[in-house]
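Worksheet for the structure shown next.
The values are calculated or read from the model by the stated rules, or taken from the named source; none is laboratory data. Note that the coordinates shown come from a computational prediction; the quantities given were computed from them, not determined experimentally. Counting neighbours? That spans all protein chains shown, and the Cβs are built from the backbone with ideal geometry, glycine included. Areas reflect the complete protein model, heavy atoms only, side chains present, ligands, DNA and RNA absent. Shrake-Rupley method; radii C 1.70, N 1.55, O 1.52, S 1.80 Å.
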Amino acid sequence: MTKQFDAIIIGTGQAGPPLARRLAAVGKKVAIVERKLFGGTCVNTGCIPTKTMVASAYAAHMARRAAEFGVAIDGSVNVDMRRVKERKDAISGKSRIGSETSLKHLENCTVFEGHARFESPREVSVGQDRLTADQIFINVGGRAEVPAMPGLDRVDYLTNSSMMGVDFLPRHLIVVGGSYVGLEFGQMFRRFGSQVTIVEMGPRLIQREDEDISAAIQEILKGEDIDVRLNAKCIGFSKRGEEIVAHVDCEPGATEVSGSHLLLAVGRRPNTGDLGLDKAGVAVDERGYIVVDDQLRCNVPGIWALGDCNGKGAFTHTSYNDFEIVAGNLLDNDARRVSDRILAYGLYIDPPLGRAGLTEMEVRKTGRRALIGKRPMTKVGRAVEKGETQGFMKIVVDAETQEILGAAILGTGGDEAIHSILDVMYAKAPYTVIQRAVHIHPTVSELIPTMLGDLQPLVG
Ligand SMILES: Cc1cc2nc3c(=O)[nH]c(=O)nc-3n(C[C@H](O)[C@H](O)[C@H](O)COP(=O)(O)OP(=O)(O)OC[C@H]3O[C@@H](n4cnc5c(N)ncnc54)[C@H](O)[C@@H]3O)c2cc1C
């Protein structure tokens, strides 16, 4: 049976539900479709559960360090993985149920549960239902990439999704992929008590960051006895009894790592292959991301793509901002654009990395005249007081305009402190504004003006 709506939203990630609320509030008849878990990746298998588990891992880590702070813990520090999972499930579940319930109670909105597929540019099928609308919004997100690696079909492996079901301590977790997802899981399971080996194909960890950041992160992980294998060009797998063996080098008979469990964290791919996009004529790029313009419109009029599936961002805040851009243009006469956005994100190892704008490496490539400032966390009072002095902060500024081009804070509170820099970047104000600001003592942020007072030319 065909059901007519003003708008169809496919997926309940970070953009779909707020858009449904805005459209329904102005009286539009909205259909929203979810095939699996309400709230999508962030709520169920991404940010919320992982950061909840990172908090458990931090508690274990600090408990082990307790004596350094003069705190005596009688007996050993043990992690109850069932309790860790229960806590994670409770926090993530509350968010999922909140998302589902609010959509199901939303006036002017009908929720369909099932897999949505385009039948034409204006029609979507969900099971037996056929929905039509003049406006269709795609918010289908992505999933873990599972590349064809030799022997992978002969071993069991985990992804960020199946990791959510782990309520035991893997004896030795092999993590393939030394980027954001792999590093967060790697450090947290080491802190839970697993032996951890991170296998990375490239010459260094998280290669989109500057080399000094990669090196400092590797040092942090090394300090926790996490084994890091770089330059693993020919990764393959085999089974030896109960053990999973990861072959990490190209030379015959060369190095291998054997462990009890394997986590694949080698990237994400968009959920666009099973959406019937060809029937709607929606264009995708060579990696399957939906091609959109600066207002997130697809090549087919009346269809928009928001969130991870458009390849313009890979974060909860970028997906939510996609909602704001679409709502601004359609409902508020506010011509917001993706190109207004400054890249910013966190890496939630401990200590965390907060990043905004360009890396030093990217600034160097532009060839412009720039200034750089850098401060180790050992010189940040707050970090010293907390006993968390690993990492550093750095900032790059345009020498002519005095605008901040990018910054990174790898250190305690770095994910929060970066925002004072990010906001000045959005204001397009000169760095001197923040240099002259009087920040609160003792905080990590108070060293940002100090760092800006000692900028040096970026040479080489
Ligand atoms: C381990 C991990 C940790 C992360 N940590 C962070 C973090 O700390 N901070 C951060 O900003 N980001 C983080 N991310 C990224 C973040 O989770 C995503 O960027 C965010 O969820 C935005 O996703 P989205 O809105 O594009 O869609 P998603 O949240 O992926 O939701 C898409 C929804 O669409 C549904 N769907 C798909 N296809 C169909 C279909 N055909 N029919 C019906 N429904 C469909 C899916 O079931 C899903 O519910 C993390 C990701 C991972 C994997």
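Structure notes:
- Prolate/oblate/rounded call for segment 134-258, Cα gyration tensor, a/c under 1.5 rounded: rounded
- Under the convention that each Lys and Arg Cβ holds +1 and each Asp and Glu Cβ holds -1, the size of the dipole of the chain around its Cα centre is about 460 debye.
- Segment 410-460 shape via C-alpha gyration tensor axes, a/c threshold 1.5: rounded
- At a probe radius of 1.4 angstrom, the accessible area of segment 238-372 per residue rounds to 45 square angstrom.
- Per residue, in Å², the accessible surface of segment 93-160 once ligands and nucleic acids are set aside, probe 1.4 Å: 51
- In terms of packing, defined here as the mean over residues of other Cβ atoms within 10 angstrom, the peptides 328-337, 179-188 line up highest first as 179-188, 328-337.
- In the chain, helical runs assigned H by DSSP with n ≥ 4 each contribute -39500 (n - 2.57); averaged across all residues and rounded to the nearest 500, the mean residue ellipticity at 222 nm is -9000 deg cm²/dmol.
- Put the Cα centre of segment 317-391 next to the Cα centre of segment 225-297 and the gap is 26 Å.
- Simple point charges give the picture: +1 on the Cβ of Lys and Arg, -1 on the Cβ of Asp and Glu, and for segment 190-248 a dipole about the Cα centre of about 320 debye.
- 5 angstrom amide H check on G142, placed H, neighbours 5+ away: N271
- Taking amide H positions as modeled 1.01 Å from N, with prolines and chain starts lacking one, the residues under 5 Å from V284 and 5 or more places away or on another chain are V291.
- Net dipole in debye of segment 285-385 [+1 Lys, Arg Cβ; -1 Asp, Glu Cβ; about Cα centre; nearest 20]: 740
- Here r is the Cβ-Cβ distance between A399 and D334 and R0 is 25 Å; the resulting FRET efficiency, rounded to 0.05, is 0.15.
- An oblate overall shape is assigned to the chain, the ratio a/c of its alpha-carbon gyration tensor axes (a ≥ b ≥ c) being 1.5 or greater and a/b not exceeding b/c.
- Whole-angstrom gap from segment 27-66 to segment 398-460, using each part's C-alpha centre: 30
- Amide H contacts of G406 (H built 1.01 Å from N, under 5 Å, at least 5 apart or other chain): L358, V396
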